1. Would you check which residues across the range B:239-252 are surrounded by fewer than 16 Cβ atoms within 10 Å (Cβ to Cβ) and either touching a Ser or Thr at 6+ places or on another chain (Cβ under 7 Å) or not in a helix (DSSP H, G or I) (or both) and list them?
2. Scan the range B:137-152 and tell me whether some residue there is farther than 22 Å from A:Asp197 by Cβ and either away from chain A (no Cβ under 14 Å) or surrounded by 22 or more Cβ atoms within 10 Å (Cβ to Cβ) (or both).
3. Here is a list of conditions, (1) over 19 Å from the mean Cα position of the chain (by Cα); (2) surrounded by fewer than 23 Cβ atoms within 10 Å (Cβ to Cβ); (3) more than 14 Å from chain A (Cβ to nearest Cβ), and B:Ala124 meets all of them except one; can you say which number that is?
4. For the condition under 18 Å from the mean Cα position of the chain (by Cα) and closer than 22 Å to B:Thr17 by Cα, what is the one hit in B:Leu210, B:Leu254?
5. Any residue at all in the range A:143-160 that is facing chain B (nearest Cβ under 10 Å), in a helix (DSSP H, G or I), among the hydrophobic types (A, V, I, L, M, F, W, C) and in contact with an Asp or Glu (Cβ under 6 Å, 6 or more places away or on another chain)?
6. Please specify each residue of the range B:65-92 satisfying the condition of being among the hydrophobic types (A, V, I, L, M, F, W, C) and either touching a Leu at 6+ places or on another chain (Cβ under 9 Å) or closer than 21 Å to B:Gln41 by Cα (or both).
7. Which pairs do you get when a residue that is among the aromatic types (Phe, Trp, Tyr), found in the range B:176-205, comes within reach of a residue that is assigned to a strand (DSSP E or B), reach meaning Cβ atoms under 7 angstrom, with the pair 6+ apart or on two chains?
8. Are any of the residues in the range B:108-115 touching a Cys at 6+ places or on another chain (Cβ under 6 Å), crowded, with 23+ Cβ neighbours inside 10 Å and on the phi < 0 side of the Ramachandran plot?
Amino acid sequence: MSDFLTKEESMREPLQAAFSETMNPIGLNGVEFIEYTTARPQALGQVLEMMGFRPIARHRSREVQLYRQGDINIVVNAHASTDPVGPLSAGLAGDEQMHTRIAAIALRVRDAQTAFNYVVDKGAWAVNTYPQVMELNIPAIHGAGGSRLYFVDRYKEFSIYDVDFVPTPGVDQHPPATAGMHFFGIVQYIGLDRSDDWLTFYQELMGAQPVPAHERFGILPQGTLIRFPSTDTSASFMMQLIEPEGDMFDGAEYVQRIGFGVHDVRAAVKQLSEQHVEFVKTSGAHTDARGAITKTYEHGVVFEFVHSQFGVKS
Amino acid sequence: MTTLAFEHKNVARVRQTIKGFGMDTITLAGPLGAKLDAIQQAGFSQVMLKANDFVGHPQGFKAGVAEFKSSGLRGTGFQVLRDFEGLSGDLHAYKVDIAKSMLDMCSALGCDVLLACSSTSVHASSDRDHIASDLRKLAILAIPYGIKIAYEALSWGRTINEFSDAWDVISRADCPNLGIGLDSFHIFASKTQLEELNFLAPHKIFLVQLADFLWQEAPTFEDRRTTARTFRVFPGEGVHSPDLKALVLKLEDLGYGGDYSFEVFNDDYQQMALETVAQRGQRSAIWLADEVLRRNVPSLKEMRLR
């Protein structure tokens, strides 16, 4: 008899799918960090601190700061202007390249080299990352609109930050999460009729799967929702692919915002409002029990909140 | 050839009539700028671009891109990636690198279709699943750029030499941005039945290239290759006009709504004034639009609006 019939959900073995090579080909296990590039690191830092993040460490050789709360790491890179840009961002005007934007998503994988080889063999573009002496060489590929996807395998026994970053003296290296915030998902804006392309991209390289249309999260449920597999069930995350509305011709593709999961959306919004975070209150997008969305900071920095117990339920 | 057609219709009307058609830079001799001028002067709004026009530009690739962008013409697509599929080991790795360079150039030009021709290489595998898997990889490489891959069966391709074969491997590869490129020359040379078009998904036809030729038969691969590279003519100028007409009507009937480009390799056109060749192209486009597709016959909807 299947243990589905005899055991409570919590007592069952984790779903085998997430462990199999087919369902999770690169041993994906959540997001290690999100990287923003900006020409205004202090201004972005203020926004992040308002959101409950704390600056905990500084990069050894570059103008890069690490912010953290709970299990969420955000890297603010003000050094990007001198980094060689990939061909995908070559079309951007100089000032667009320096707009504050999400430039990279670092994915936790079982083995970074194996994952990197796997995705490149499937048709991903390897990106050169130019580590300095004694710094980690983190493999990367092209993502949407000039952004990158990194593969990180050292997140359990020790962290990549121990190598590349110097902790800020006297600062708690593990600040607790505001209102139980945890990483929930990413929203990627895409061109017209591009949902199938991007779904195929994430499916082929990372084993992501479309989420059935009746399962929706948050207050802005449009677009195509996909779920990434993970070896730990709670580390699974979502991506929402959003095409331009019918009357809009803006086909620009980019990673637009991060979604945080919180147990109690209203309580989180109340707490963050006290920290001066402002939330959108239009009829189409206002705070309710399912979710909330902040106003836009720094010409393009938005955070979304979604009701969630912890991570994504599978 | 006279310029009768051009004189009898005003420029705006010609442009409107032939807007779904484009010329290929390969048809014309001379530098890129002169080709683009001639194509635009003849009323075309789009052009199929070939890599050598840009890499061989006297001021270099970037200058070529700038020249194209300032022309106001739209790029129908970019050509051509050859002999990509079916290879292994170092040869495969080499071709992936070539494909990436082609995608970079295609993207720099703002073209959203890259033409890939079926392999003629004796080093390539004939295994259709191998071919499909390589084409899928090519399509995945193109996704971040928003580029579609139009895979075309050369009529002298080693394994894939009919569009029906190309469609088979495209279906096996099953990638949304991998579709088919049709070329009337190859269809007529290999004598593939038009009924085979019924099996295609119309939204997966990413490009249609049209050309005619003056021989009734091109039975061997060598005949086909020589004719294809030296003696194609514009649609309506050769002996396959009825077939060409049937092909275009069939595609319209299936619901194809994309571009038609004139893929005319012709050694004679290479030594004629660009304007003269472009006018032949214009005459051909007007023939297709007016007499074959009847695009200027007002639809019921338009009549009601008046």
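The numbers here are math on the coordinates, done by the rules we state, and not lab data. Predicted model only: the values in this text are computed from it and were never measured. Cβ coordinates were reconstructed from backbone atoms using ideal geometry, including for glycine residues, and neighbour counts include every protein chain displayed.
1. B:Val239
2. no
3. B:Ala124 satisfies every listed condition except (2).
4. Details: B:Leu254 fails: under 18 Å from the mean Cα position of the chain (by Cα).
Result: B:Leu210 is the single residue among B:Leu210, B:Leu254 that is under 18 Å from the mean Cα position of the chain (by Cα) and closer than 22 Å to B:Thr17 by Cα.
5. yes
6. Of all residues in the range B:65-92, those among the hydrophobic types (A, V, I, L, M, F, W, C) come to B:65-66, B:68, B:73, B:78, B:80-81, B:84, B:87, B:91.
Across the range B:65-92, the qualifying residues are B:Val65, B:Ala66, B:Phe68, B:Leu73, B:Phe78, B:Val80, B:Leu81, B:Phe84.
7. B:Phe185/B:Phe213; B:Phe185/B:Arg232
8. Taking the range B:108-115 as the starting set, the residues that turn out to be touching a Cys at 6+ places or on another chain (Cβ under 6 Å) are B:114.
After this cut, where a residue has to be crowded, with 23+ Cβ neighbours inside 10 Å as well, the list is B:114.
Filter once more, so that each one left must be on the phi < 0 side of the Ramachandran plot: B:114.
Checked against the condition, which is being touching a Cys at 6+ places or on another chain (Cβ under 6 Å), crowded, with 23+ Cβ neighbours inside 10 Å and on the phi < 0 side of the Ramachandran plot, the range B:108-115 yields at least one hit.
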